[in-house]
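Enquirer: After the structure tokens below, expect a handful of questions from me.
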Amino acid sequence: MRPVHIASIGGGHQLRNGREFAAWLGLTPANKSSGGKEKLGRITKMGDQYLRSLLVASMTSLARQTRSHPERTRKWLTSLLERKPARVATVAMANKTARIVWAVLTRNEHYSARAAV
């Protein structure tokens, strides 16, 4: 297993916002819009494959825990898993987590779960 180094991300300041960071990791859908019709495709899978796979694998584990113990998780997560297929939900959760990671990196603060909800 390869160690994760902060050097691959840096301080996060080279990216303007969390969405750009998620896009850099390849966790945002490809935009295939034309003629005023917005159409989003599959995730781009660009960027750091190892970090993306870590985020998706960890969110897959969280999704499995949520299905077996829904009382232990937040309601939005249970609701997401009821509305969307499991794989779509895990990638959406990985996208959200990547945005939180970017915010923690750029603000140089500790993570606060209450602020993230």
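The values are calculated or read from the model by the stated rules, or taken from the named source; none is laboratory data. Computed from a predicted structure; not experimentally measured. Here Cβ is always computed from backbone atoms with ideal geometry, including for glycine, and neighbour counts include all displayed protein chains.
Enquirer: Collect the residues in segment 68-79 that are touching a residue at least 12 places away in the same chain (Cβ under 8 Å) and either outside any helix (DSSP H, G or I) or touching a Ser or Thr at 6+ places or on another chain (Cβ under 9 Å) (or both), keeping them in residue-number order.
Expert: Matches in segment 68-79: R74, L77, T78.
Enquirer: When the residues of segment 33-51 are narrowed to those that are closer than 18 Å to V91 by Cα and modelled with pLDDT of 80 or more, which ends up surrounded by the most Cβ atoms within 10 Å (Cβ to Cβ)?
Expert: My answer is L51.
Enquirer: Let me ask something additional. Out of A63, A57, A22, I need the residue that is outside any loop (DSSP other than H, G, I, E, B), among the small types (G, A, S) and surrounded by fewer than 14 Cβ atoms within 10 Å (Cβ to Cβ). Which one?
Expert: Step by step, each of A63, A57, A22 is checked, and only A57 is outside any loop (DSSP other than H, G, I, E, B), among the small types (G, A, S) and surrounded by fewer than 14 Cβ atoms within 10 Å (Cβ to Cβ).
Enquirer: Can you tell me which of A30, A7, A22, A63 is touching a Ser or Thr at 6+ places or on another chain (Cβ under 9 Å) and at pLDDT below 85?
Expert: Among A30, A7, A22, A63, only A30 is touching a Ser or Thr at 6+ places or on another chain (Cβ under 9 Å) and at pLDDT below 85.
Enquirer: Does R16 satisfy being out of contact with any helix residue (DSSP H, G or I) (no Cβ under 9 Å at 6 or more places or on another chain), modelled with pLDDT under 85, surrounded by fewer than 13 Cβ atoms within 10 Å (Cβ to Cβ) and closer than 23 Å to A113 by Cα?
Expert: So R16 passes the test.
Enquirer: Another question, then. What pairs come out if I take residues in segment 97-113 that are more than 14 Å from S58 (Cβ to Cβ) and among the acidic types (D, E) and pair them with residues that are buried (at least 16 other Cβ atoms within 10 Å of the Cβ) and at pLDDT below 80 whose C-beta lies under 6 Å away, six or more apart or interchain?
Expert: The qualifying pairs do not exist here.
Enquirer: A further question follows. Being modelled with pLDDT of 90 or more and under 13 Å from the mean Cα position of the chain (by Cα) narrows it down to one residue among V101, V91; which is it?
Expert: V91
Enquirer: Now a separate question. So how many residues does segment 80-111 have that are surrounded by 11 or more Cβ atoms within 10 Å (Cβ to Cβ), among the polar types (S, T, N, Q) and outside any helix (DSSP H, G or I)?
Expert: 0
Enquirer: How many residues are free of Cβ contacts under 8 Å to residues at least 24 places away in the same chain and under 12 Å from the mean Cα position of the chain (by Cα) if we restrict to segment 46-57?
Expert: 2
Every residue, every condition in (1) more than 16 Å from L27 (Cβ to Cβ); (2) out of contact with any helix residue (DSSP H, G or I) (no Cβ under 6 Å at 6 or more places or on another chain), yes or no:
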residue	(1), (2)
R87	no, yes
R99	no, no
W102	no, no
E109	yes, yes
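Enquirer: Can you confirm whether R2 is among the charged types (D, E, K, R), in a strand (DSSP E or B) and modelled with pLDDT under 90?
Expert: no
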